[in-house]
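The structure under discussion appears below in the form of structure tokens.
The values are calculated or read from the model by the stated rules, or taken from the named source; none is laboratory data. Quantities reported herein were computed from a predicted structural model and do not represent experimental measurements. Every residue, glycine as well, gets a Cβ built from its backbone with ideal geometry; the counts of neighbours run over all protein chains shown.
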Amino acid sequence: MNANDVAAHWESNAETWTVYSRAGYDKYRDALNTPAFLDMLPAVANLAGLDLGCGEGVARLGARMTGLDIAPTFIRYARESEAEAPLGIDYVLGDGQSIDFPEASFDFVTAFMSMMDMADQREVLKGIHRVLKPGGFLQFSILHPCFVPPTRRNIRNEAGQPVAIEIADYFDERDGRIDRWIFSSIPEAERATLTPFAVPRFHRTLSTWVSMIVETGLTIEAFGEPMASVEVALAEPVVADTRIAPIFLHVRARKT
């Protein structure tokens, strides 16, 4: 599977994804993952940033953002939002595997839940290193490679509460597996009328991720593994399984 295949899958997802995520059905993102990612982010006010995916949340922290995405529909929706409520974000249609900006263009790069869906992460990391200014940083989030490998299942008690997880195929790094799913918080009757997302996945072990980052010349300086608080888990039960084991991994690395 190449970047064109990835783009086609994400373009097929983009309309439904945007409508339902904006309607509040992406509970993991809204209740846990985005707040934790922004909490881990260093101060970015007045800095120039590149986001491989979106950029809206980071722009609200005062950064001057460029958003790069591979799906035209995502770009269209993002530009419409920018026109309605300007945050100063410049949205560009493009591929994270061939980042077409001049060398040392950005103070930082963010990639929120996008890099595990890119076919050649080594090339992505090389491109990120090239466009970062000296001392700049990359912060990205991915599905946790240790606890969300290609095969994962929640184990629940009689009350339906998560008590453990079952995982397998951690060392299976075959490219281009297609995961098919839809936001579980969408009402069941409505969910039955929707075409599931087709998400291309390029799983890497934790050691592979660390090796790729280090080989690029970036220095890892922080990890994050978001866990829902008791209060958040009660308010949004769908994220309660993150109290058993993390679903997301956040990484920050710097160009030294």
Cβ pairs under 9 Å, 6+ apart or interchain, first in region 108-121 and closer than 16 Å to ILE178 by Cβ, second part of a loop (DSSP other than H, G, I, E, B) and charged (D, E, K, R), ordered by first then second residue, are MET116/ARG204; MET118/ASP95; ALA119/ASP175
Within region 31-44, identify whether any single residue is touching a strand residue (DSSP E or B) at 6+ places or on another chain (Cβ under 7 Å), at positive phi and modelled with pLDDT of 90 or more, and answer yes or no.
-> no
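State the number of residues belonging to region 223-250 that are among the small types (Gly, Ala, Ser), touching a helix residue (DSSP H, G or I) at 6+ places or on another chain (Cβ under 8 Å) and surrounded by 14 or more Cβ atoms within 10 Å (Cβ to Cβ). If you could, list the steps in order and put the result at the bottom.
Here is the first cut: in region 223-250, the residues among the small types (Gly, Ala, Ser) are 224, 228-229, 233, 235, 240, 245.
Then drop every residue that is not touching a helix residue (DSSP H, G or I) at 6+ places or on another chain (Cβ under 8 Å), which leaves 224, 228, 233, 235, 240.
Still in the running and surrounded by 14 or more Cβ atoms within 10 Å (Cβ to Cβ): 224, 228, 233, 240.
Of the residues in region 223-250, 4 are among the small types (Gly, Ala, Ser), touching a helix residue (DSSP H, G or I) at 6+ places or on another chain (Cβ under 8 Å) and surrounded by 14 or more Cβ atoms within 10 Å (Cβ to Cβ).
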Quick one: in region 22-37, of everything that is closer than 14 Å to GLU231 by Cβ and among the aliphatic types (A, V, I, L, M), which residue is nearest to the chain's Cα centre (by Cα)?
-> LEU32
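Determine whether HIS203 is surrounded by 19 or more Cβ atoms within 10 Å (Cβ to Cβ), under 18 Å from ARG29 (Cα atoms) and at pLDDT 95 or above.
Values: surrounded by 19 or more Cβ atoms within 10 Å (Cβ to Cβ): yes; under 18 Å from ARG29 (Cα atoms): no; at pLDDT 95 or above: yes.
Judged against the criteria, HIS203 is not a match.
Identify all residues within region 123-149 that are under 18 Å from HIS203 (Cβ atoms) and either modelled with pLDDT of 95 or more or within 15 Å of the chain's Cα centre (by Cα) (or both); write none if there are none. It would help to see each step written out before you state the result.
If we filter region 123-149 for residues that are under 18 Å from HIS203 (Cβ atoms), which is where we start, we get 123-125, 140-149.
If the condition is that a residue be under 18 Å from HIS203 (Cβ atoms) and either modelled with pLDDT of 95 or more or within 15 Å of the chain's Cα centre (by Cα) (or both), then VAL124, LEU125, PHE140, SER141, ILE142, LEU143, HIS144, PRO145, CYS146, PHE147, VAL148, PRO149 are the ones that fit.
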Would a scan of region 183-191 turn up a residue that is more than 28 Å from GLY127 (Cα to Cα) and of a type in the set (A, V, I, L, M)?
-> yes
Kindly indicate the residue of region 88-111 that is surrounded by 18 or more Cβ atoms within 10 Å (Cβ to Cβ), assigned to a loop (DSSP other than H, G, I, E, B) and among the aliphatic types (A, V, I, L, M) and also modelled with the lowest pLDDT among those meeting that condition.
-> ILE99
Those helices (runs of 4 or more DSSP H) completely within region 1-60 that have 1 or more residues that are of a type outside the set (D, E, K, R), buried (at least 17 other Cβ atoms within 10 Å of the Cβ) and in contact with a Leu (Cβ under 8 Å, 6 or more places away or on another chain) are 3-22, 56-59
Looking only at region 129-140, decide whether some residue is at positive phi and in a loop (DSSP other than H, G, I, E, B).
-> no
ALA43 passes all but one of (1) in contact (Cβ under 8 Å) with a residue 24 or more places away in the chain; (2) within 30 Å of ALA222 (Cα to Cα); which number fails?
-> (1)
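Tell me, yes or no, whether region 58-65 has at least one residue that is in contact (Cβ under 8 Å) with a residue 40 or more places away in the chain, within 28 Å of ASP175 (Cα to Cα) and either in contact with a Phe, Trp or Tyr (Cβ under 7 Å, 6 or more places away or on another chain) or not β-branched (Val, Ile, Thr) (or both). Walk me through it before giving the result.
Residues of region 58-65 that are in contact (Cβ under 8 Å) with a residue 40 or more places away in the chain, as a first pass: 58, 63.
Right, trim to within 28 Å of ASP175 (Cα to Cα) and you get none.
Among the residues of region 58-65, not one is in contact (Cβ under 8 Å) with a residue 40 or more places away in the chain, within 28 Å of ASP175 (Cα to Cα) and either in contact with a Phe, Trp or Tyr (Cβ under 7 Å, 6 or more places away or on another chain) or not β-branched (Val, Ile, Thr) (or both), which makes the answer no.
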What number of residues in region 190-216 are among the acidic types (Asp, Glu) and touching a residue at least 12 places away in the same chain (Cβ under 8 Å)?
-> 1
